1. Scan the stretch 42-58 and give yes if some residue there is exposed (fewer than 13 other Cβ atoms within 10 Å of the Cβ) and closer than 26 Å to R80 by Cα, otherwise no.
2. Please list, ordered by first then second residue, the pairs with beta carbon atoms under 8 Å, 6 or more apart or interchain, first in the stretch 97-110 and farther than 15 Å from P47 by Cα, second hydroxyl-bearing (S, T, Y) and assigned to a loop (DSSP other than H, G, I, E, B).
3. Taking G28 as the residue in question, decide whether it is within 15 Å of L104 (Cα to Cα) and either without any contact (Cβ under 8 Å) to a residue 60 or more places away in the chain or not in a loop (DSSP other than H, G, I, E, B) (or both).
4. Would you pick out the residues in the stretch 31-60 that are of a type in the set (S, T, Y) and assigned to a strand (DSSP E or B)?
5. Can you tell me which residue in the stretch 9-25 is farthest from the chain's Cα centre (by Cα), limited to those that are surrounded by 14 or more Cβ atoms within 10 Å (Cβ to Cβ) and in a loop (DSSP other than H, G, I, E, B)?
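FYI, it's all coordinate maths here, none of it is from the lab. In this text, all values refer to a predicted model and were calculated from it rather than measured experimentally. Here the Cβ is made from the backbone with ideal geometry for all residues, glycine too, and neighbour counts use every protein chain on show.
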Amino acid sequence: MYKNQPAAGVVVTFHPKSADVHTILPVGYTGADGTFTLTTGRSEGAPVGEYGVTFVWPRSAEQKGKKKTMTMQNFTPEDRFGGAYAKEGSSKIKVEIKHGKNELEPFNLQ
């Protein structure tokens, strides 16, 4: 949620408390209703543990009024949040994933 409204297309990444360079991060994308499901590599969900959570809401080229083209070299999409929630080290949002099905309270970003 962003300002109490669903935000579609947000990249949600869970950063494990005990990660190293080989750790595969759980990632999901929000749908039109703001909900998301994580995948870790090819597996659905996230391993049990504590996480810092980051959010990036990319703005497409069309939303910036430009012709849609994509090149991978030097491609950095503009974040509608202005990077406010993009850094794991400064993320104030923490969650714990437990065994079984986990339904988290909505994240309401401002």
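1. no
2. Pairs found: L109/Y85.
3. Taking the combined requirement at face value, the residue satisfies it.
4. Passing the criteria: T39, T40, S43, Y51, T54.
5. Residue satisfying both the conditions and the ranking: A19.
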